[in-house]
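Q: This is the structure I have questions about; it appears just below.
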Amino acid sequence: MAKKRIFISFAMEDKTLRDFLVGQAKNHNSPFEFVDMSVKKPWDSSWKTNCRTRIKGCDGVIIIVTKNTKNADGQLWEIKCAKEEGIPCRGIWGSQENRPATIPSELTGIRVVKWTWDNIANWINTLN
(Lines give C-alpha, C1' and ligand atoms only; values in the text may rest on other atoms or scores of the structure.)
Protein backbone atom coordinates (compact mmCIF):
# COMPACT_ATOMS: atom_id res chain seq x y z
CA MET A 1 0.00 0.00 0.00
CA ALA A 2 1.33 3.42 -0.95
CA LYS A 3 2.11 5.89 1.78
CA LYS A 4 -0.49 8.61 2.25
CA ARG A 5 0.52 12.19 1.64
CA ILE A 6 -0.26 14.10 4.83
CA PHE A 7 0.01 17.82 5.38
CA ILE A 8 0.74 18.65 9.03
CA SER A 9 -0.71 21.97 10.10
CA PHE A 10 0.91 23.43 13.21
CA ALA A 11 1.73 26.72 14.92
CA MET A 12 5.39 27.60 14.48
CA GLU A 13 5.72 27.54 18.28
CA ASP A 14 4.74 23.86 18.10
CA LYS A 15 7.40 22.83 15.59
CA THR A 16 8.84 20.27 18.03
CA LEU A 17 5.44 18.54 18.17
CA ARG A 18 5.42 18.34 14.37
CA ASP A 19 8.94 16.90 14.42
CA PHE A 20 7.82 14.37 17.04
CA LEU A 21 4.85 13.27 14.87
CA VAL A 22 7.09 12.80 11.83
CA GLY A 23 9.54 10.83 13.99
CA GLN A 24 6.73 8.62 15.30
CA ALA A 25 5.75 7.71 11.74
CA LYS A 26 9.32 6.53 11.08
CA ASN A 27 9.41 4.27 14.16
CA HIS A 28 9.39 0.62 13.06
CA ASN A 29 6.66 -0.13 15.63
CA SER A 30 4.39 2.62 14.33
CA PRO A 31 1.08 1.41 12.86
CA PHE A 32 1.00 4.36 10.47
CA GLU A 33 3.26 5.92 7.90
CA PHE A 34 2.96 8.92 5.67
CA VAL A 35 4.87 11.33 3.50
CA ASP A 36 5.15 14.66 5.35
CA MET A 37 4.04 17.50 3.09
CA SER A 38 3.97 20.26 5.71
CA VAL A 39 5.51 23.67 5.21
CA LYS A 40 8.79 23.60 7.06
CA LYS A 41 9.65 27.26 6.73
CA PRO A 42 7.89 30.51 5.94
CA TRP A 43 7.72 31.30 2.26
CA ASP A 44 7.84 34.61 0.47
CA SER A 45 4.82 36.48 -0.90
CA SER A 46 3.70 33.41 -2.86
CA TRP A 47 3.40 31.38 0.37
CA LYS A 48 -0.38 30.94 0.15
CA THR A 49 -0.23 29.79 -3.47
CA ASN A 50 2.56 27.30 -2.73
CA CYS A 51 0.84 26.11 0.44
CA ARG A 52 -2.51 25.60 -1.31
CA THR A 53 -0.77 23.54 -4.02
CA ARG A 54 0.81 21.30 -1.35
CA ILE A 55 -2.47 20.88 0.53
CA LYS A 56 -4.37 20.03 -2.69
CA GLY A 57 -1.79 17.30 -3.39
CA CYS A 58 -2.40 15.57 -0.05
CA ASP A 59 -4.68 12.77 1.02
CA GLY A 60 -5.34 14.43 4.38
CA VAL A 61 -4.36 17.12 6.87
CA ILE A 62 -3.39 16.47 10.47
CA ILE A 63 -3.85 19.56 12.62
CA ILE A 64 -1.82 19.79 15.82
CA VAL A 65 -4.09 21.72 18.21
CA THR A 66 -2.59 23.60 21.16
CA LYS A 67 -3.07 26.90 22.96
CA ASN A 68 -0.91 28.43 20.21
CA THR A 69 -3.37 27.53 17.44
CA LYS A 70 -5.74 30.46 18.02
CA ASN A 71 -2.96 32.99 17.30
CA ALA A 72 -1.28 31.07 14.46
CA ASP A 73 -2.49 32.95 11.38
CA GLY A 74 -0.67 30.61 9.00
CA GLN A 75 -2.09 27.48 10.63
CA LEU A 76 -5.62 28.92 10.67
CA TRP A 77 -5.28 29.77 6.97
CA GLU A 78 -4.06 26.22 6.24
CA ILE A 79 -7.13 24.77 7.97
CA LYS A 80 -9.44 27.09 6.03
CA CYS A 81 -7.66 26.19 2.78
CA ALA A 82 -7.94 22.43 3.42
CA LYS A 83 -11.67 22.81 4.06
CA GLU A 84 -12.10 24.86 0.86
CA GLU A 85 -10.25 22.18 -1.12
CA GLY A 86 -12.27 19.34 0.43
CA ILE A 87 -9.20 17.64 1.94
CA PRO A 88 -10.07 15.44 4.96
CA CYS A 89 -8.82 16.89 8.25
CA ARG A 90 -8.24 15.44 11.69
CA GLY A 91 -7.13 17.41 14.71
CA ILE A 92 -4.92 15.93 17.41
CA TRP A 93 -4.33 17.53 20.80
CA GLY A 94 -0.70 18.60 21.14
CA SER A 95 -0.81 17.54 24.79
CA GLN A 96 -3.27 17.26 27.63
CA GLU A 97 -1.73 20.27 29.42
CA ASN A 98 -1.62 22.49 26.33
CA ARG A 99 -5.28 22.23 25.28
CA PRO A 100 -6.88 25.57 24.45
CA ALA A 101 -9.83 26.79 26.55
CA THR A 102 -11.75 27.46 23.33
CA ILE A 103 -11.30 26.06 19.86
CA PRO A 104 -10.88 28.49 16.96
CA SER A 105 -13.88 28.70 14.61
CA GLU A 106 -11.70 27.38 11.76
CA LEU A 107 -11.84 23.97 13.48
CA THR A 108 -15.65 23.83 13.38
CA GLY A 109 -16.70 20.48 11.95
CA ILE A 110 -13.24 18.92 12.42
CA ARG A 111 -12.92 16.15 14.98
CA VAL A 112 -10.04 16.63 17.43
CA VAL A 113 -8.81 13.47 19.16
CA LYS A 114 -6.18 12.41 21.64
CA TRP A 115 -2.74 11.95 20.09
CA THR A 116 -2.36 8.16 20.00
CA TRP A 117 -0.93 5.80 17.40
CA ASP A 118 -4.31 4.09 17.03
CA ASN A 119 -6.24 7.35 16.54
CA ILE A 120 -3.80 8.53 13.87
CA ALA A 121 -3.50 5.13 12.13
CA ASN A 122 -7.26 4.55 12.07
CA TRP A 123 -7.86 7.95 10.49
CA ILE A 124 -5.04 7.60 7.93
CA ASN A 125 -6.41 4.17 6.96
CA THR A 126 -9.77 5.77 6.08
CA LEU A 127 -8.18 8.10 3.49
CA ASN A 128 -8.49 7.22 -0.20
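The values are calculated or read from the model by the stated rules, or taken from the named source; none is laboratory data. All values derive from a computational prediction rather than experimental measurement. Every residue, glycine as well, gets a Cβ built from its backbone with ideal geometry; the counts of neighbours run over all protein chains shown. Note: accessible area is taken over every heavy atom of the protein model, side chains too, but ligands, DNA and RNA are not part of it. Shrake-Rupley method; radii C 1.70, N 1.55, O 1.52, S 1.80 Å.
Q: Once the Cβ-Cβ distance between LYS26 and THR53 is put in as r, and R0 is 25 Å, what FRET efficiency do you end up with, to the nearest 0.05?
A: On the way: r = 25 Å, r/R0 = 1.00.
With a Förster radius of 25 Å, E is 0.50.
Q: Just the accessible area per residue of the chain, please: how many Å² with a 1.4 Å probe?
A: With all protein chains present, the chain gives 55 Å² per residue.
Q: Suppose R0 equals 22 Å; then what is the FRET efficiency for THR108 and VAL35 from their Cβ-Cβ distance, rounded to the nearest 0.05?
A: Working from the Cβ atoms, E equals 0.20.
Q: Give me the log10 of I(q) over I(0) for segment 71-128 at q = 0.15, 0.21, 0.31 Å⁻¹, as the Debye formula computes it from C-alpha points; what are the numbers?
A: Summing over Cα pairs of segment 71-128 leads to -0.49, -0.94, -1.34.
Q: In nm, give the distance between the simple-model label positions of GLU84 and ASP19, each being 7 Å from the Cα along the Cα-to-Cβ direction.
A: The two pseudo-label positions are separated by 3.1 nm.
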